[in-house]
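**Student:** Take a look at this one; I'll ask things after.
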Amino acid sequence: MPLFEGLGGIGLINEKNTTVVLDIGTAYTKAGFAGEYGPRIITRSEVKCRETGKNIPLFQYKNENELRHHLVDFIHKLYFRCLLVNPKDRRVVVVENLLCPTVVRNTLAKVLFRHYEVLSVLFVPSHLVALMTLGITTGLVLDLGHKEATLMPIYEGVVVFHAWQALPFGGSLIEKSLSELLLDRAVATTEDGTEHRLSSIMQDIPNRYLEDIKVRTCFVSTLERSSCLQNNKYDRSIEPPPPPPSVHYPLEGHHILTIPGTVRELAAESLFERDQDALTLATLVLNALLKCPIDTRHKLAENLVIIGGTASMKGMKHRILAEVRAAAASEQYCQILPIPSFMLHHPPAKDNYVSWLGGAILGATEAVMLRSYHRDQYLASDVVPDWCNLSFNTCEDRDEKFA
Amino acid sequence: MAHLFQGDRIRLLCSCGLLKPITAIYFCRHCLKLRCGNCVSHEVDTLFCPNCLENMPSTEARLKKNRCANCFDCPSCGHTLSTRATSIQTPSPEDPSKTVARKVYYLACTSCRWTTRDVGLKDQTVATGGWVEQDNEHYKHLQSLLEHYRSVAQQEKLEREKKRFSHRKSSYLSLSDKYSLPSILGRKSLTPLSPFAHKGDVSQTSEMTPLEATAEVEGLPEDIFTEEVVLSSVTTMEQRLSSPEWQPEKTADLYPLHKHILVKRSLRCRHCEHNLSKPEYNPSSIKFKIQLGAFYHVPEVRMVRQVELKTGVETGVQLSLCNPTPHDMTVALLPFVPEASEVSLQKGEESVEGSSLNTSSLVRVVEIPPERTDLKLTADVALPQGQLILAARDDTAEYDDQDSSPNYKDDPQVVAWRRANKVGVNLLVTPKPDATYVRVGFVLRYDYTNTVATATESRTVTLNIPVMVDVGPVTQS
């Protein structure tokens, strides 16, 4: 895309200030302007702690006050280092997870309205706007983030909320199992050439190395190989498939870590192993379909969308699709959920900023002006309208709107 | 590590409730209160490139996505790229048999040795401005999506407005319907009356083809199980995220990034809307047009030397007070009260006005939540009674041999020494029984002579500032 963009492509024609679009995730935050085709910045959700001076994750807080301080510092950095605009009197669109804790939502609104005096805030559901990037109105959106995987079916533009599904299967789970496998199997070579087991050198591998190893060397293997490996675990006589080659990874300047090929392949398997409730990513999709109305199921199954940073791991989408098909054919589901075909969409953006892009497309339309929550309204009532807050969502209100 | 202004030891209580060193606090001349970075509103003042120090107007910055057009950053390490030139032999345009030396340019990083040749970019024939931009492959589709949704939202807006008006008109129409048939026939457009019927010509919404789902997804590449991973050819997360729209996975796809520009911030008091700090327009100048730091208006407190403290033992601690203003100042040390800065006595003609000058009643202040800090004192302090006079700051004092100190009568118990505009004060500190670290607090009361006032003569106002001093650890006796 050319560095120069015509004026027609930026924001609304009537507004004098372009709307800011924020997608604050557990691991990474995407921030930019409405009407643009990519975020200006994707940065780690980390702040410098006011007491200790170290970098800590944004959502690691002891009480609400600490969360407020973190958000103030973080949004300051976003506006004055990355976006370079005045926060005052400018609209904001926040792409949020519908299952996000209320304290985070309310504190974010308080910080934006009181500290930064933004003109208005519009909270949009991340799953819903992800469909806007595809131009469709029906779809089953699976968001694989760092902390958890959430799924929402959307039919004709309406979120089928009661069919929500969530599991703590995200990037952090992959990193945790990677850490366990490495401490168990990996070998580190020191400067003088001696080899030691990693567990004898360090107890914990720092998170930034785990993330780097996960992103650069690990991948999700195919269903066939995975079932072979599983069978080999129980029955040693069956031959496992040959592992991929190992990688030499420099660690902290002193050691060279040899990551065995089996670790590269097995790290992501924790997302697909059945836990005690027999829940995996595949059952997530199928359970959601079971909760949806019968007539919608076929259409939803043909419009799967997988977004989120963890989904861009090599082989992830292929594996999820294969697992879903296998689970749908298994005896648990084939009687109650006879779905012939599952199809997957390809969003016109990298997986980690698809929902940001949806928010940016929405932010460039008149809908922002119609639906935003204005600063004056917030300051009068000090409350943000929420789907779980009945003072805003009663049947009488809904009938009034459409009467 | 010792700090020049002892920022970790001496802290002032700002009006928002936070404790900050004197270097991080501003003094609002109109509200006569202390403000810190937390309770002022920050604004973007000017934008400039940190490498070429060129100013950029905000409209241009918006178009260029806050990036400098001429300066580049290394995609591998983030350092600034420098343009290097080599000369190559090319056939000259006039005579193909003779070769002529011509200069070509490429970009190179001085810290990690990355060059544009590593990714296969051709060398440019011009020194600046030849590098082609990358294209977002989904540009056309996204543009049509944006147009489509804009028109959908526009329609929704028109519908809402029509609904608002149609309610009023519907009763009128029903009356005329009974009496005059032509009212229906006369309608040019046959838009249905019911609000739920499908309205809108499809031609109004712009065309958009929704994306198709596919049954098959690209799986793993075949050679992933056999090929060795070369770590230097795979990009790290930081390298990927520095160009968010392309996020290259291989280092061979890295492209030089335009340098991100920086801002100069100006600070404004929320209550009276006056600027507390305004930098100069020129990017290479470090001076300020307006600089209302507390260091220039509030007496500075410093600890003179480190003392050893023992529990229950009354130790003498020496503090030095310095007067930064060009007027004589009367100071007094009072017992610690956190709300002391709210009350300010006034000396001068008008007595009943409150503690702020020149506040506009039209400004509606958006209150930020007050902060609560730990203000527990762990030692008792015996403060000197009575007032002390600090001489005005005189910049010529260092060249003057005469000392003005004999003019002031000082109690030798209280005042240890006096030099120009500074005074050394003795305090007695007794650590409390269960204290491991001694924190002492007092309220500094001083006279502030205001040079900006509605009346022509300058007014003297007495202000109180709560101060917290970290004296040091308690050694076990």
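**Student:** Condition first: part of a strand (DSSP E or B) and farther than 19 Å from A:R90 by Cα. Now tell me which residues in segment B:20-61 satisfy that.
**Tutor:** Answer for segment B:20-61, where residues must be part of a strand (DSSP E or B) and farther than 19 Å from A:R90 by Cα: B:K20, B:I25, B:Y26, B:F27, B:C28, B:K33, B:L34, B:R35, B:C36, B:F48, B:N55, B:M56.
**Student:** Let me ask something additional. For segment B:1-40, which positions are within 15 Å of B:M468 (Cα to Cα) and free of Cβ contacts under 8 Å to residues at least 60 places away in the same chain?
**Tutor:** Matches in segment B:1-40: B:G7, B:C14, B:K20, B:P21, B:A24.
**Student:** Give the residue, chosen from A:Y116, A:Y155, that is in contact (Cβ under 8 Å) with a residue 60 or more places away in the chain, farther than 12 Å from A:L98 by Cα and of a type in the set (S, T, Y).
**Tutor:** A:Y155
**Student:** Pairs only if they're at least six apart or on different chains, beta carbon under 7 angstrom, first in segment B:410-428 and on the phi < 0 side of the Ramachandran plot and polar (S, T, N, Q), second surrounded by 19 or more Cβ atoms within 10 Å (Cβ to Cβ) and not in a strand (DSSP E or B); list them, first residue then second.
**Tutor:** B:N421/B:N323; B:N421/B:A391
**Student:** Name the residues in segment B:140-159 that are more than 7 Å from chain A (Cβ to nearest Cβ) and within 35 Å of the chain's Cα centre (by Cα), would you?
**Tutor:** B:Q143
**Student:** For segment B:371-383: of the residues being away from chain A (no Cβ under 11 Å) and farther than 15 Å from B:T430 by Cβ, which is surrounded by the most Cβ atoms within 10 Å (Cβ to Cβ)?
**Tutor:** Across segment B:371-383, the extreme among qualifying residues is B:L375.
**Student:** Let me ask another. In segment A:51-96, how many residues are more than 22 Å from the chain's Cα centre (by Cα), away from chain B (no Cβ under 14 Å) and open to solvent by less than 20 Å² (accessible area, probe 1.4 Å)?
**Tutor:** Number satisfying all stated conditions: 0.
**Student:** Continuing with the same structure: For the subset of segment A:236-257 comprising residues that are touching a strand residue (DSSP E or B) at 6+ places or on another chain (Cβ under 9 Å) and β-branched (V, I, T), which member is most open to solvent (accessible area, probe 1.4 Å)?
**Tutor:** A:I256
**Student:** Among the residues of segment A:97-113, write down those that are open to solvent by less than 30 Å² (accessible area, probe 1.4 Å) and without any contact (Cβ under 8 Å) to a residue 40 or more places away in the chain.
**Tutor:** Hit for segment A:97-113 is A:L112, nothing else.
**Student:** Continuing with the same structure: In this structure, does B:T83 turn out to be in a strand (DSSP E or B), β-branched (V, I, T) and more than 22 Å from the chain's Cα centre (by Cα)?
**Tutor:** Spelling it out, B:T83 is indeed in a strand (DSSP E or B), β-branched (V, I, T) and more than 22 Å from the chain's Cα centre (by Cα).
**Student:** Okay, next question. Do the conditions hold for A:F169, that is, is it part of a loop (DSSP other than H, G, I, E, B), crowded, with 21+ Cβ neighbours inside 10 Å, in contact with a strand residue (DSSP E or B) (Cβ under 7 Å, 6 or more places away or on another chain) and away from chain B (no Cβ under 14 Å)?
**Tutor:** Yes, satisfied.
**Student:** Quick one: which strands (runs of 3 or more DSSP E) sit completely within segment A:43-153 and have at least 2 residues that are of a type in the set (F, W, Y) and on the phi > 0 side of the Ramachandran plot?
**Tutor:** none
**Student:** Would you mention how many residues in segment A:264-297 are farther than 19 Å from A:W164 by Cβ, touching a helix residue (DSSP H, G or I) at 6+ places or on another chain (Cβ under 9 Å) and open to solvent by 50 Å² or more (accessible area, probe 1.4 Å)?
**Tutor:** So the answer is 2.
Per-residue answers, yes or no, for (1) at pLDDT 80 or above; (2) more than 30 Å from B:L267 (Cβ to Cβ); (3) surrounded by 14 or more Cβ atoms within 10 Å (Cβ to Cβ):
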residue	(1), (2), (3)
B:P299	yes, no, yes
B:V307	yes, yes, yes
B:V317	yes, yes, yes
B:L321	yes, no, yes
B:M329	yes, no, yes
B:L357	no, no, yes
B:I368	yes, no, yes
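The values are calculated or read from the model by the stated rules, or taken from the named source; none is laboratory data. Since the model is a prediction, treat every value here as computed from it, not as a measurement. Cβ: placed from backbone, ideal geometry, glycine included. Neighbour counts: every protein chain shown. Heads up: the accessible areas ignore ligands, DNA and RNA and are worked out on the full protein's heavy atoms, side chains in. Shrake-Rupley method; radii C 1.70, N 1.55, O 1.52, S 1.80 Å.
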